[in-house]
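Written out below as structure tokens is the structure these notes cover.
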Amino acid sequence: MRYLRVWIGAAVVLGFCLGAAGAQNAPTSKIWDIKLGTPVDALPLDNFVDPACGTNGGPPSRVLKGFTEFAQCTVERTTGLREVWFRYDDEMEYVARARRSDVMVRQYRANSLAGQPIITSLLIDDKGLVQGYRIVNDTRIEGTTRIAAFGLADVFKGIAGMGLQCTDLPLAEGERPIDDYFIKQSCEKNADGRIVRIEARRYYKVGQAAVDVDNRMTENQFESSARIEVYRADAAAK
């Protein structure tokens, strides 16, 4: 009986690993894989789930029944498009968490990039065509992780490719470096009919510090962020 239990346990583990390997090998669409001009009803709905109106890279607002309800979201002044927040399906990640496998959790972590939790959204025109996207680090996470969020900008630059024009901005009055180092950079590219904007930030904003007035360590009192937005330059005119 003992050997039978061992054999069954091994079979279950093997089956799970084979299933996980199959899931890993199956292509999974990412936001930057979506061709601009794709209709919302042609999106990979098995992977892009729980759509809601976006808040310029922030948390979701009005919940939508599907991407086809994009018209319920307001038009952005900067892009002329409607932002629809979504998240990647994370079923495999939860399976890994149930098995308490840190290795598999990292492997199947869906809504993160380079170790940083992210917020993803599509930018949709009035005809229901995807004309852009936005990725922003999630600012709601603990400080020990978020402190490195500015590094996502390097990943975004790799996505954007050559031709970015980057400007290093000075700190404003009251802003201070973190550990004698800060980054306040904005990059832009307008090529092939697309506008690409990338930002990276790492510094103390006005009123923020590592310790408070009572000399106690603060939590999450700093700015560390990165974002990218890509959209058709003529999308607002359509």
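Here Leu123 clears all of (1) of a type in the set (A, V, I, L, M); (2) within 18 Å of the chain's Cα centre (by Cα); (3) at pLDDT below 90 except the condition numbered (3). Out of all the residues in the range 196-216, is one or more closer than 20 Å to Leu122 by Cβ, open to solvent by 80 Å² or more (accessible area, probe 1.4 Å), modelled with pLDDT of 85 or more and not basic (Lys, Arg)? Among the residues of the range 196-216, not one is closer than 20 Å to Leu122 by Cβ, open to solvent by 80 Å² or more (accessible area, probe 1.4 Å), modelled with pLDDT of 85 or more and not basic (Lys, Arg), which makes the answer no. Of everything listed in (1) modelled with pLDDT under 95; (2) closer than 14 Å to Val130 by Cβ; (3) in contact with a Ser or Thr (Cβ under 9 Å, 6 or more places away or on another chain), the single unmet condition for Gly57 is (2). Here is the figure for the range 115-148: residues that are in a strand (DSSP E or B) and of a type outside the set (Val, Ile, Thr) total 11.
Would you confirm, using the coordinates I've provided, whether Thr139 is under 28 Å from Leu64 (Cα atoms), in contact (Cβ under 8 Å) with a residue 60 or more places away in the chain and either of a type in the set (Lys, Arg) or open to solvent by less than 10 Å² (accessible area, probe 1.4 Å) (or both)? Taking the combined requirement at face value, the residue does not satisfy it.
Hey, does the range 162-179 have a residue that's in a loop (DSSP other than H, G, I, E, B), in contact with a Lys or Arg (Cβ under 7 Å, 6 or more places away or on another chain) and closer than 30 Å to Phe67 by Cβ? Yes, because at least one residue in the range 162-179 is in a loop (DSSP other than H, G, I, E, B), in contact with a Lys or Arg (Cβ under 7 Å, 6 or more places away or on another chain) and closer than 30 Å to Phe67 by Cβ. Taken together, the residues in the range 142-163 that are in contact with a strand residue (DSSP E or B) (Cβ under 6 Å, 6 or more places away or on another chain) and either closer than 21 Å to Pro60 by Cβ or open to solvent by less than 30 Å² (accessible area, probe 1.4 Å) (or both) amount to 6.
The values are calculated or read from the model by the stated rules, or taken from the named source; none is laboratory data. Note that this is a predicted model, so its numbers are computed, not measured. With ideal geometry, Cβ positions are generated from the backbone for all residues, glycine too; neighbour counts draw on all protein chains shown. All accessible areas refer to the heavy atoms of the entire protein, side chains included, with ligands and DNA or RNA removed. Shrake-Rupley method; radii C 1.70, N 1.55, O 1.52, S 1.80 Å.
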